[in-house]
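For reference, the structure is listed below as structure tokens.
The numbers here are math on the coordinates, done by the rules we state, and not lab data. Predicted model only: the values in this text are computed from it and were never measured. Every residue, glycine as well, gets a Cβ built from its backbone with ideal geometry; the counts of neighbours run over all protein chains shown.
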Amino acid sequence: MLGLKWHNETMTQDVLAQAQAMLPELQALRRKLHTIPEFGLELPNTLKVVLEQIDGLGTITTSKQISSAVLHIKGAQPGPTVLLRADMDALAVIEDTGLDYASTNGYMHACGHDLHMAMGVGAAKILASRKDQLKGDVVFFFQPGEEGHHGADVMLEQGDHMVSGSKPIRAYGLHVFSSYPLGMMGSKAGPLMASAGDLFVTVTGSGGHGSMPWLSKDPISVLNEIMSALQTMVTKRFNAFDPVIVNIGWVSAGDQATTNVIPESASFGATVRVFSEENAAKLKTFTKELVESIAKGFGLIATVEFTRATKVLMNNPEAIKSVEEVTARMFGPGRYINLPTPIAGGEDFASIVHEIPGAFVFMGAAPVGVDPATAATNHSNKAVFDDAVLADGAALLAELAIDALR
């Protein structure tokens, strides 16, 4: 047993050393990708760069529907399959970082997906060089459309996770944060990230003159009642220890050029976050009942629309145990922490771990000399990520796959 432990630790350190030797090329790749960000499910230029990097590492499958790539690395020995994910899309954000490789096309890798791609490529090169040692297969998802476009769901619906001929037994993904301490990693078993979606409410009445509101059916007043009541509903009908967040992001009614006109309709949009499928179902039912009843009480009509939401990201306990063991073996104690609570951000890797037991791991990338507590956060146009973490991320992904197959 001691011999096996020593062997595993030695192999793990070999993987880390291999990744560290690749750091300059991974940084160059990441910075190249950073200059060409693309949005949504169509990422032709990004995909071209990624395909050039993974050419020859295994069997590559692309899609006719979206800009995705699936790399299948087949081990020399028979065994199960492990899936690793790297998302590729950027945000519709105008970059203001001052970096000499900053994007100038109106989009920005403000969530670090350029680092994720470089880590994924690094892990793929490590694993491809060790095919003879692999007891099974590794499938890489290079995935577009994470930022609200359900790219993971599209790839699953295409059956991309089945390219090896068998359903993966594990799935892993990493996510960098510009406001987490450099190199620190964290995750937790169970719910890690929220189900995230949108809520749109429109109230329709009848317009008229502002001096005679009794001759109209004012939708603004009713919309105001609904917005207030929703916040009360959240605190009174849901368990405080299974949080529900409804935050209104925009309100639209009337015309700023006139104040004496009662509009025919008024609407708002909100982001919705929950941490259990039970509350996701309850929220839809309770919201519809509340909104429609308030509108009806004033003689108006209201419509409620929930968009397709991401699933709750539920980490598998056994997969998290593997993360704990691998990070300790690779980096020593103190680099990984079990997070006490989930975060309210959404992530479509949730669909992957809903289908395949797995784990999502956060990795800090705050630049040296920057206080993580005050650093610009992910999605900010000023977010800066230290790509010194690329070697560690590539090594961790590769070793998690090796460990699962071992």
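Couple of notes before you dig in:
- Listed residues Ser206, Ser322, Ser187, most fluctuating in the chain (Gaussian network, C-alpha, under 10 Å): Ser206
- Basic side chains Lys and Arg get +1 at the Cβ, acidic Asp and Glu get -1 at the Cβ, and with that the dipole of the chain about its Cα centre reaches some 800 debye.
- Residues with amide H under 5 Å from that of Gly345, placed H, sequence gap 5 or more: Ala194
- Anchor Lys321: aspartates and glutamates whose Cα lies under 20 Å away (excluding residues fewer than 8 positions away in-chain): Glu9, Glu355, Asp392, Glu399, Asp403
- Normalised by 2.2 N^0.38 Å, where N is the number of residues, the alpha-carbon radius of gyration of the range 196-306 equals 1.14.
- Here the chain carries DSSP beta bridges of which approximately 65% are antiparallel, counting only pairs with both residues inside.
- Taking N as its residue count, the alpha carbon Rg of the chain over 2.2 N^0.38 Å: 1.11
- Packing-based exposure ordering (other Cβ within 10 Å, fewest first) of Thr307, Thr259: Thr259, Thr307
- For the chain, calculated [θ]222 nm from helices alone, where every DSSP H run of n ≥ 4 adds -39500 (n - 2.57): -11500 deg cm²/dmol
- Under 23 Å from the Cα of Lys282 - lysines, other chains or at least 8 residues apart: Lys236, Lys296, Lys311
- Exposure proxy ranking, count of Cβ atoms within 10 Å, fewest first, for Arg308, Arg130, Arg335: Arg308, Arg335, Arg130
- Panel order for His149, His209, by other beta carbons found within 10 Å of each beta carbon, from fewest to most: His209, His149.
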